[in-house]
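The values are calculated or read from the model by the stated rules, or taken from the named source; none is laboratory data. Just so we're clear, the structure is a prediction, and the values are computed from it rather than from any experiment. Virtual Cβ from ideal backbone geometry, glycine too; neighbours counted across all protein chains shown. Note: accessible area is taken over every heavy atom of the protein model, side chains too, but ligands, DNA and RNA are not part of it. Shrake-Rupley method; radii C 1.70, N 1.55, O 1.52, S 1.80 Å.
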Amino acid sequence: MEPTERIWMDGKLVDWEKANVHILTHGLHYGGGVFEGIRLYKTSKGRAIFRLKDHMIRFFDSAKVIELKIPFSLDELCKATKEVVKANRSKVDYIRPIAYYGSGAVGLNPIKLPTKVAIACIFMGAYLGDEQQKYGAKLVTSSWEKPSNRAAAVNAKICGNYVNSVLARLEAVHKGADEALMLDSGGNVAEGTGENIFMVRNGEISTPGMASGILGGITRDSVMKIAPELGYEITERDITRSELYVADEVFLTGTAAEVLPVRSIDDRSIGAGKPGPITMELAKEFTSITMGKRKKFLHWLDYVD
Ligand code: PPE
């Protein structure tokens with residue numbers, strides 16, 4: 001990762017090298033924090049942030065789950081995001097807001113700890129690689145299951161939740177795959193380590209529901225709103241691992257991943273082993289929207305320059 005210019009930290013813009021945290025930060029020891037990932041696109045009318053307000057709403061919702069009080073309003077953080085983007089003229093395409101319990105005491109109880117908030121901009125590029133974005137990603141099912149809603153607040157974007165994802169991603173990488181497929185505690189399909197998942201089979205497009213312990217992805221929501229415009233309907237339902245093996249198409253969605261085709265799962269080719277037509281159509285439409293080429297979805301873009 002290349003350093004960028006400035007990072008917004010607790011209300012001020014600071015230089016990249018100065019954006020450091022205290023070693024006794026609760027968020028570092030116990031994962032007591034929440035974060036977001038937001039894409040920034042270069043459109044013909046300048047740089048635009050995709051679904052900024054929706055991401056910030058989820059940020060506040062995640063914070064509420066761990067009782068983290070964010071000392072800024074939604075509006076202030078949206079403004080701060082635009083401010084930090086403006087302060088970074090180098091090549092950036094991804095925004096990372098994070099809020100966490102700071103330092104002051106060692107121990108799990110975070111109640112008296114201060115809340116720290118930061119917003120950084122980086123260059124991410126294609127999340128799993130350019131080849132994968134174009135020809136499809138290789139998935140393997142993780143031996144680590146997604147914690148159930150009884151075990152963790154998995155619907156919220158909490159830092160500590162991601163240790164499970166890190167274990168799964170390490171396993172996938174060691175097996176030569178691009179990404180892990182996570183199953184829920186009942187053995188049904190949940191999501192990737194950093195993406196939601198969709199299946200196309202016999203003309204039906206489906207995706208697991210929130211009860212499978214998934215993150216309610218904003219890209220997932222975007223795809224569910226774009227699909228009807230193209231004449232497709234999407235159902236939320238339980239999906240099994242073996243159903244995925246025989247799907248016509250499988251794709252992942254995420255801010256970082258965007259709409260990403262899957263070409264194989266556990267060494268079984270999906271469909272023709274290359275991106276399917278519906279996946280490509282949705283990916284193309286998603287790109288047109290992020291480029292500001294669709295009037296109906298212009299409200300998803302916040303122009304900054
Ligand atoms: N599930 C998980 C577990 C997840 O982390 C993400 C986002 C999604 C689904 C998709 O959500 P959305 O981005 O709102 O469509 N993962 C973020 C972090 C990736 C990272 O490696 O860091 C992201 O895509 O920004």
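Figures for the structure shown
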quantity	calculated
Mean shadow area of region 130-290 over all directions, Cα convex hull, nm²	8.5
Proximal aspartates and glutamates to K296, defined as alpha-carbon separation beneath 14 angstrom and excluding residues fewer than eight positions away on the same chain	E229, E285
Extension gain, E5 back to D54 (0.36 nm per residue minus Cα-Cα distance, nm)	15.1 nm
Sequence ranges 36-42, 188-194, ranked by mean other-Cβ count within 10 angstrom, highest first	188-194, 36-42
Packing rank of 263-273, 65-75, 218-228, 9-19, where each peptide gets the mean count of other beta carbons within 10 Å, highest leading	218-228, 263-273, 65-75, 9-19
C-alpha long axis of helix 52-65 to longest principal axis of the chain, angle in °	70
P(r) weight above 18 Å for region 112-162, C-alpha pairs, percent	65
Tilt relative to the chain, helix 74-86 - C-alpha long axis, 0 to 90 degrees, to 10	90
Kirkwood Rh in Å, taken over the chain so that all alpha-carbon pairs contribute	20.0
Share of carbon and sulfur in the accessible heavy-atom surface of region 6-122 [1.4 Å probe, %]	57
Spin-label pair D75/K274, simplified geometry with 7 Å Cα→Cβ offset, distance in nm	5.2
Nearby lysines by direct alpha-carbon distance to K293 (threshold 25 angstrom, same-chain neighbours under 8 apart not counted)	K42, K45, K53, K79, K82, K86, K91, K134, K225, K284
Amide N proximity, region 133-157 versus D61 label position 7 Å along Cα-to-Cβ, cut-off under 11 Å	155-157
1.4 Å probe accessible area per residue over the chain, in Å²	47
Residue-averaged [θ]222 nm for the chain, counting only DSSP H segments that reach four residues, each worth -39500 (n - 2.57)	-7500 deg cm²/dmol
Share of carbon and sulfur in the accessible heavy-atom surface of region 130-290 [1.4 Å probe, %]	51
In degrees, nearest ten, helix 162-174 long axis to first principal axis of the chain (Cα)	50
Semi-axis lengths (Å, descending) of the ellipsoid that matches the C-alpha gyration tensor of region 6-122	26, 16, 11
The chain, relative contact order [Cα under 8 Å, separation at least 6], %	20
Length gained when the stretch E17-F123 is fully extended (0.36 nm per residue, less Cα-Cα span)	36.5 nm
